[in-house]
Every structure is written in C-alpha cells, then in structure tokens.
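> Just dropping this structure here.
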Amino acid sequence: MLSRLKGRGNSSKGGTPHSESFNRFCFCSGEEELRRKAMKILVVGLGGVTNGGKTTLAEKLKKMLPNCDIISQDDFFKPESEVETDERGFKLYDVLDALYMDEMVKSIHNWMNSRTCSAVVTEEPQNTRDSVKNTEDVYILIVEGFLLYNYEPLNELWNRRYFLTLPYEECKRRRSYATSLPICILDTCSY
C-alpha cells in the first residue's frame, strides 16, 4: 500500500513555523499494514501556567517513554511585528492571536498521519526507554503550552490532558526572575 504524507518541516522560534514543505511516501506490505492497524497513537496535552514546568516535564517524559515526541506551543508564536499591543504599549503574548494555532493543529495532524505507516522510524530507544515493556506499537505525542485548552480544534485531539499549577507566589517569582515582563502582566499567574 502506498501512503502519501504531506507535512511541514520545523523552524526555530519566531516567524512562520514549519515553513519548509516536504512529501514522504511509505510503502507498506500486507503484514506491515496489519501492524499499523495495531498501533496506538496517544496525543497528550500538557497545559499550565507560564514557567510552570511544562517543557521540563515533557522533556523528561520523552527520555523515559519509547516512541515519544513533543510539540511545543512556544514554537508557534508570531513574530513580534505581528503581535498586538495593548493601550499601555505592552505586547499581548498571552492571547491566542499571538500564536499560529492553525499551524499547530496541522503539525499535530501531520505527526498523527506520519505514524500510520510503519516505514516511519522514531529515535532509537535509550537505556531509560528499554525498561518500558510492551509499548512498541504505542506512539505518544506530548503537546505542551500555556493556551492549549482555549482553542477548540485542539480539544478534539486529546486522548489525555493535564494542567500543571503553581502557587501564585512561585509563579510570580519564576516569571519575574526568568523574564523581564512588567509586573502588570504577572497577574496572569493563577492556580
């Protein structure tokens, strides 16, 4: 069976994500087609407050779980020139309009479709991954970000979703230390 997978390449933060197009072809035999049907794809949402540990947790899970990939909402920010400014002159990065959300959904669909043909190979298992048993045909995508559950098309994709919280003072401390955001934006921290 011949499957044509359309997708987009990766890009660095800022600018239009996934700007390089690619086409891949997979040739699946009858036996491979049966294996493909036995595969399980899990899309896991990992949401939460800014600087709440979402990326750190996702990266640790990726090291522990076989066939695991990550898509980060941070990779879908629009360039600064396209982000709106409020009446006080602050850029509005904490809103959906600051992100290419349609591109993010496309990237998730592309990941899901690329797992439907066994010719697509993920990274080789690492030592920590070898201890996980009976997961050869389970493919996991962790999607992490701070506005994941505010965009309805994403809510249709989750197999599981989690929301990380922090006490307000810890969130405020992390945002104050890690960024130079003005204090008025720190009020977006909640628990």
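The values are calculated or read from the model by the stated rules, or taken from the named source; none is laboratory data. Small disclaimer: the values here were computed from a predicted structure and weren't measured. As a convention, Cβ positions derive from the backbone with ideal geometry for all residues, glycine included, and neighbour counts pool all protein chains shown. Note: areas computed on protein heavy atoms with side chains; ligands, DNA, RNA excluded. Shrake-Rupley method; radii C 1.70, N 1.55, O 1.52, S 1.80 Å.
> Can you tell me how many residues within the stretch 66-102 are assigned to a strand (DSSP E or B) and open to solvent by less than 50 Å² (accessible area, probe 1.4 Å)?
Total meeting the criteria: 6.
> State all residues of the stretch 56-109 that are out of contact with any strand residue (DSSP E or B) (no Cβ under 9 Å at 6 or more places or on another chain) and at positive phi; if no residue qualifies, say none.
Of everything in the stretch 56-109, just one residue is out of contact with any strand residue (DSSP E or B) (no Cβ under 9 Å at 6 or more places or on another chain) and at positive phi, namely Gly89.
> Just to check your reading of the model, which residue among Lys63, Lys54, Lys106 is touching a residue at least 24 places away in the same chain (Cβ under 8 Å), closer than 24 Å to Pro153 by Cα and open to solvent by 60 Å² or more (accessible area, probe 1.4 Å)? Quick ask: steps written out before the conclusion?
Details: Lys63 fails: closer than 24 Å to Pro153 by Cα; Lys54 fails: open to solvent by 60 Å² or more (accessible area, probe 1.4 Å).
From the options Lys63, Lys54, Lys106, the qualifying one is Lys106.
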